[in-house]
1. I need to check one value: relative contact order of the chain, counting alpha carbon pairs closer than 8 Å and at least 6 residues apart, in percent.
2. Could you look at segment 251-331 and say what percent of its accessible area is carbon and sulfur, using a 1.4 Å probe and all protein chains?
3. What's the carbon and sulfur percent of segment 1-159's accessible surface, probe 1.4 angstrom, rounded to a whole number?
4. Name the long-range amide H neighbours of ARG66: under 5 Å, sequence gap of 5 or more, or other chain; modelled H, no Pro or chain starts.
5. Check which residues have an amide H placed less than 5 Å from ARG61's amide H, if you skip close sequence neighbours.
6. Can you work out the Karplus-derived ³J(HN,Hα) for every residue in segment 378-389? Use 6.51 cos²θ - 1.76 cosθ + 1.60 with θ = phi - 60°, whole Hz, and x for glycine or proline.
7. Work out from phi, with θ = phi - 60° and the Karplus expression 6.51 cos²θ - 1.76 cosθ + 1.60, the ³J(HN,Hα) of each residue of segment 327-335, listed in order in whole Hz, and give x for Gly and Pro.
8. Could you report the accessible area of PHE366 in Å², rounded to 10, computed with a 1.4 Å probe on the protein chains as they sit in the structure?
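The values are calculated or read from the model by the stated rules, or taken from the named source; none is laboratory data. For clarity, every value in this text was computed on a predicted model and none was experimentally measured. Cβ coordinates were reconstructed from backbone atoms using ideal geometry, including for glycine residues, and neighbour counts include every protein chain displayed. The protein model used for the area step is the full one, side chains on, heavy atoms only, and it has no ligands, DNA or RNA in it. Shrake-Rupley method; radii C 1.70, N 1.55, O 1.52, S 1.80 Å.
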Amino acid sequence: MPKYLPIGLSIAIFLIFCVTLFSSTVNIPSFDDYDTTLGFIKRIFFDDYTAKGKFEILFGRHNEHRIVFSRLAAAAYFSIFHRVDFANLVFFQNLLLICFFILMLKIMDQNRLLSGESLLFVTVFLFSLGFWQVTFFYWGGIQHYTVFFFCFLSLYLLDKSDRIISASYFMAILAVVIAVFSFGNGFLGLLLGAFLLFVQKKWPQLIAWSIITAVLLWITFAVRSQALAKQHVQFNFDWAKSLLLTFLGSFVYINPASNHYINIYFCMIVGTTVLFVWVWLFFMGYARQNPLLYCLLSMPVLTGIIISISRFESRAAGGIAPRYMFFTATIPVILMLIFLDMKILRTRHLRILSYAGVVLWGTVFFNNRKALQDMNKDLTARVVSWQNDPETRLVYYHEAKPYSEAMQWAVDHRVVRIPDLHEFRETESEQK
């Protein structure tokens, strides 16, 4: 193979991803956006709340998550442009994906594991359409990209810090605070950071980190700003196990698949292997040899455990939800780094895996691009129909009224602009 072929393929995959992003992103709210973005803008900028009330709204829970970064980004955009453009917000959130990619390259270079083949392997999984719901919709990516980027950044900076009074240690604290207030699994960065400092015997940093961790965990779990929905379904361990194992192997899922159940079973086999390797690495001492890489691997694994407990009723199907797959896309990347570091994986093996990954990327891209297009058509058709009939369900699994009222308010107050959807309808008619 030509020497620069892996680099060329990496550039091509990145450019295809970018072209798809700019050509397939639509400027309309969807799903959680009606409450977490439009509803938030209304409460912060238009409703008559006190400063204390607005603070509580900003830091209040959304279900079991705190999504302060998501809200602040939307508020900042509205403050500057006096409207909300969901396409531009999606472009912004994907800058965090690029930042995450650069961070992974930095970690690879630090561990002397950066090569053309490893670059291609990372590109294949991080610029995939497997997690298209995260990439193309603001309610997903702004939370998922943010929490993983800042958790990984915090761990990277902690690994580099050599004393308590240092820029890297201060930035690590700042990064983990942002992560905690970005999404529900952000607190894992606190626990993994404490583990990393403990293994490296950085006692002054660990003491200060533990105090900060205690405060943030108290805020995360004890401070209540709104009632959370109670789970009425009795916990089922088998369902949770199926979800976890499928989740951990979902980076090889091809959707839609003709043999759907075979594909899920294959993901479960891969996920079981991932879980076994994670446990094996701990007991054979790798967590002490390279705590940074082990903590990075632990982040998606522990995230899967949390999801399997909190969403167990969705069973195995919940493990292949595109809104979660960015988390699992990091698993093969980190395992690749660990196996290269342990000399289990050689360059010749990585070359085969990276080119096989390109084939997987192409298949996933083709199928999920169609799923994305179908979703965009459905969302757009609903908004176009809503303009003629307010009883249209803007979110198909919820009643029409609350979302219709939120959209009508946003249109009346020029928070969103939707005349371009008529152009979409005319284009669709011409295509038919």
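1. 21
2. 69
3. Reported share for carbon and sulfur atoms: 66 percent.
4. Close amide H contacts, sequence-distant or interchain: PHE183, GLY184.
5. Distant-sequence amide H within range of ARG61: SER225, GLN226.
6. With the stated coefficients, segment 378-389 comes to 5, 4, 5, 4, 5, 5, 4, 5, 4, 4, 9, 9 Hz.
7. 4, 7, 5, 6, 4, x, 4, 6, 4
8. 150
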